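Participant: Just dropping this structure here.
The values are calculated or read from the model by the stated rules, or taken from the named source; none is laboratory data. Remember, predicted model here, so these are calculated numbers, not experimental data. Neighbour counts run over all protein chains shown; Cβ positions are idealised from the backbone, glycine included. These area figures cover heavy atoms from the full protein model, side chains too; ligands, DNA and RNA do not enter into them. Shrake-Rupley method; radii C 1.70, N 1.55, O 1.52, S 1.80 Å.
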Amino acid sequence: MTEDTLFAKIVRKEIPADILYQDELVTAFRDISPKAPTHVLIVPNKIIPTVDDVSAEDEAALGRLFTVAAQIARDEGIAEDGYRLLVNCRDHGGQEVYHLHMHLIGGRPLGIMAPERRG
Ligand code: AMP
């Protein structure tokens, strides 16, 4: 059995979150520590720990992450200026919560995607 996650508890509404959208496949809620004026997380309701764990049967939920992200970006008024969608994978990707999630970040210019390596 897959281990339970913080985000699965949010999906099941066992812990509070500012949920913007939920359907049978995905849930979207505001990041608790926003890095920009809009910072929303969109997660599959099913626990998929990392991108490395996705399979063909997840394609409907993974596709839905994009359509929901695009709709929320329009609702937030950031679609025209643009925004960033980000999925971190494991340690080097900076993943903290092992329940696959897409970050929708926008509302200000975001600069370069990843800082140059120093040293
Ligand atoms: P990542 O580093 O890609 O795993 O991103 C995890 C994100 O989850 C971070 O941006 C956190 O701020 C966010 N986060 C952690 N706990 C919560 C929570 N209870 N509700 C909403 N967002 C959270």
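Participant: Among (1) open to solvent by less than 60 Å² (accessible area, probe 1.4 Å); (2) out of contact with any Cys (no Cβ under 8 Å at 6 or more places or on another chain); (3) closer than 21 Å to Ile10 by Cα; (4) within 16 Å of the ligand (Cβ to nearest atom), there is one condition Pro34 misses while meeting the rest; what is its number?
Facilitator: Result: Pro34 fails condition (1) only.
Participant: Follow-up question, since we're still on this one. All but one of (1) part of a strand (DSSP E or B); (2) open to solvent by less than 70 Å² (accessible area, probe 1.4 Å); (3) over 24 Å from Gly111 (Cβ atoms); (4) more than 10 Å from the ligand (Cβ to nearest atom) hold for Gly63, so report the exception by its number.
Facilitator: (1)
Participant: Could you list, in sequence order, the residues of segment 22-31 that are within 14 Å of the ligand (Cβ to nearest atom) and either touching a helix residue (DSSP H, G or I) at 6+ places or on another chain (Cβ under 6 Å) or aromatic (Phe, Trp, Tyr) (or both)?
Facilitator: Passing the criteria: Thr27, Ala28, Phe29.
Participant: Could you please give the count of residues in segment 1-37 that are modelled with pLDDT of 95 or more and either among the small types (Gly, Ala, Ser) or in a loop (DSSP other than H, G, I, E, B) (or both)?
Facilitator: Going through segment 1-37 one residue at a time, the tally reaches 21.
Participant: Out of curiosity, is Asp53 surrounded by 13 or more Cβ atoms within 10 Å (Cβ to Cβ), modelled with pLDDT of 95 or more and near the ligand (Cβ under 10 Å from one of its atoms)?
Facilitator: Answer is no for this residue.
Participant: Within segment 70-92, work out how many residues are within 16 Å of the ligand (Cβ to nearest atom), outside any loop (DSSP other than H, G, I, E, B) and free of Cβ contacts under 8 Å to residues at least 40 places away in the same chain.
Facilitator: So the answer is 5.
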